[in-house]
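> I have a structure I would like to understand better, so I am pasting it below and will then ask my questions one at a time.
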Amino acid sequence: MGYTVAVVGATGAVGAQMIKMLEESCLPIEKVRYLASVRSAGKKLRFRDQEVIIEETTEEAFAGVDIALFSAGGSTSAKYAPYAVKAGAVVVDNTSYFRQNPDVPLVVPEVNAHALANHKGIIACPNCSTIQMMVALEPVRRKWGLERIIVSTYQAVSGAGMGAILETKRELREVLNEEVAPRDLKAEILPSGSDKKHYPIAFNALAQIDVFTDNDYTYEEMKMTNETKKIMEDDTIAVSATCVRIPVLSAHSESIYIETKEKASIEELKTAIANFPGAVLEDDVAHQIYPQAVNAVGKRETFVGRIRKDLDAEKGIHMWVVSDNLLKGAAWNSVQIAETLHERGLVHPTADLVFKLM
């Protein structure tokens, strides 16, 4: 007997990749169910060689579901994830809603799969930009420790959803067709759909992802800071982020500076990263080999290169990290969590959490 797996937000950009990852998964699946908004209910999507009718996401929709993968926005997760757990499902949530809840494990399987043992029905996926940084830095932390992380991200527009992808393509066409200058483009989504102003992304870089907080960092930047500390189970690590949106459709890139507790050689660092699950070393500057977004698209791994010593700080290291934000940054990490739950016999919710959340 296999599992009944529900994909909540099946029609979205991440939902589509979740379906693809499930099709390729080793998870024993007997049945899939696709849940979405009422406007998508009744339409059909495929799973392997069969058509699946999309159902409306409701409080009663989770009967018989063993694993529910959520990627339909924080408000949907907040409303329906507790009902899924109450119905007997384990929820893997790809939104930010539960990430800082102390009762909810925040998991990157290569880094802290042990945290799954304490789940009470809901497991949170970290932010896409955090996930790839964790895969790159965990082998360093384990061997030499980490004192400080300073990261600047160069994030793809797909991280803002399908609407942002379409907006970017439209803007690029308009500029390339010489219909309008980049500064005169009409933007409706980026840098943040919920903010007051919108700016064009075509031939531009926007130093804002999500809205600003009271400390002048954006929520995206604070997510990277807080999630890193929770995943690595170390509040003493100094973390600071600057998150930038660039006109790339898929795959996030990151320039990361770290200071280790113990001194490490570059060759030792490269070996540790190359041997870490989920990480791929691409670092041969003599032949101009380093991670690139176009090469990472469609791949599950996190690519690491440009590893070099800081010129002044004895324990300072710089590196360049790239990963497909829709796969390892979202869909694949979610399915990977489901696979790990199965491998460890942890596909069983605990209803205790439901009553705290409802």
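> Quick check: net charge around Leu146, other residues with Cβ under 11 Å of its Cβ, Lys/Arg +1 and Asp/Glu -1? Don't jump to the answer; show the numbers that get you there.
Values: positive: Arg141, Arg142, Lys143, Arg148, Lys229, Lys261, Lys315; negative: Glu138, Glu147, Asp234, Glu259, Glu262.
Counting the neighbours of Leu146, the net charge comes to +2.
> Highest GNM mean-square fluctuation, the chain, Cα pairs closer than 10 Å: which of Ala331, Ala207, Ala136?
Largest GNM mean-square fluctuation: Ala207.
> Modelled label-to-label distance, Lys43 and Glu343, 7 Å Cα→beta-carbon offset: nm?
Each label point is offset 7 Å from its Cα along the Cβ direction, giving 3.4 nm.
> Please check: in the Gaussian network model of the chain (C-alpha springs, under 10 Å), which one of Val92, Val38, Val14 has the largest mean-square fluctuation.
Looking only at Val92, Val38, Val14, the biggest GNM fluctuation is shown by Val38.
> Using a 1.4 Å probe over the heavy atoms of the protein chains, calculate the carbon and sulfur portion of the accessible area of region 228-270 as a whole percent.
Numbers: 820 of 1710 Å².
The computed percentage sits at 48.
> log10 I(q)/I(0), Debye, Cα-only the chain, no solvent, q = 0.15 Å⁻¹?
Cα-only, vacuum Debye calculation for the chain: -1.33.
> Here's a follow-up. To make sure I understand the rule: partners must be lysines, Cα under 21 Å from the Cα of Lys309, and not fewer than 8 residues away in the same chain. Which ones qualify?
Partners found: Lys143, Lys261, Lys263, Lys270.
> Going by a ≥ b ≥ c, the root eigenvalues of the Cα gyration tensor, does region 157-310 fall in the rounded group (a/c under 1.5), the prolate group (a/b larger than b/c) or the oblate group? All intermediate terms of the calculation are to be shown ahead of the outcome.
On the way: a/c = 2.55, a/b = 1.52, b/c = 1.68.
Oblate, because a/c is 1.5 or more while a/b does not exceed b/c.
> Under a GNM of the chain (C-alpha, springs under 10 Å), which listed residue has the highest mean-square fluctuation: His287, His114, His318?
For the chain, modelled as a Gaussian network with Cα springs under 10 Å, the answer is His287.
> Shifting gears a bit: In Å², what does the accessible area per residue of the chain work out to with a 1.4 Å probe? Before the final figure, lay out the partial values.
On the way: 15790 Å² over 358 residues.
Each residue of the chain exposes 44 Å² on average to a 1.4 Å probe.
> How many angstrom separate the Cα center of region 244-318 from the Cα center of region 131-168?
Measuring centre to centre over Cα atoms gives 11 Å.
> If amide H atoms are built 1.01 Å from N in the plane of the peptide, which residues on other chains or at least 5 residues away come under 5 Å of the amide H of Val91?
Here the answer is Ala68, Ile122, Ile123, since their amide H atoms fall under 5 Å of that of Val91.
> Pop the C-beta distance of Asp310 and Asp214 into the FRET formula with R0 = 41 Å and round what comes out to the nearest 0.05. Present the calculation step by step, with values, prior to reporting the outcome.
Numbers: r = 32 Å, r/R0 = 0.77.
The formula returns an efficiency of 0.85 here.
> Mind pulling the per residue volume of the convex hull built on the Cα atoms of region 29-74? Å³ is fine. Write down the numbers at each step before the final one.
Details: hull volume 4.1 nm³, N = 46.
Spread over its residues, the Cα hull of region 29-74 gives 90 Å³ apiece.
> Might you report the magnitude of the Cβ-based charge dipole of the chain about its Cα centre, with Lys and Arg at +1 and Asp and Glu at -1, to the nearest 20 debye?
Details: 39 positive and 48 negative charges, 82 e Å.
I would put it at about 400 debye.
> Once whole DSSP H runs in the chain are found, which of them have Cα atoms spread over 15 Å or more along the helix axis and a mean Kyte-Doolittle score of at least 0.0?
Sorted by number, the helices that extend far enough and score high enough are 13-23, 128-144.
The values are calculated or read from the model by the stated rules, or taken from the named source; none is laboratory data. The structure displayed is predicted, hence computed values, not measured ones. Here the Cβ is made from the backbone with ideal geometry for all residues, glycine too, and neighbour counts use every protein chain on show. The area values use the complete protein model at the heavy-atom level, side chains included, leaving out ligands, DNA and RNA. Shrake-Rupley method; radii C 1.70, N 1.55, O 1.52, S 1.80 Å.
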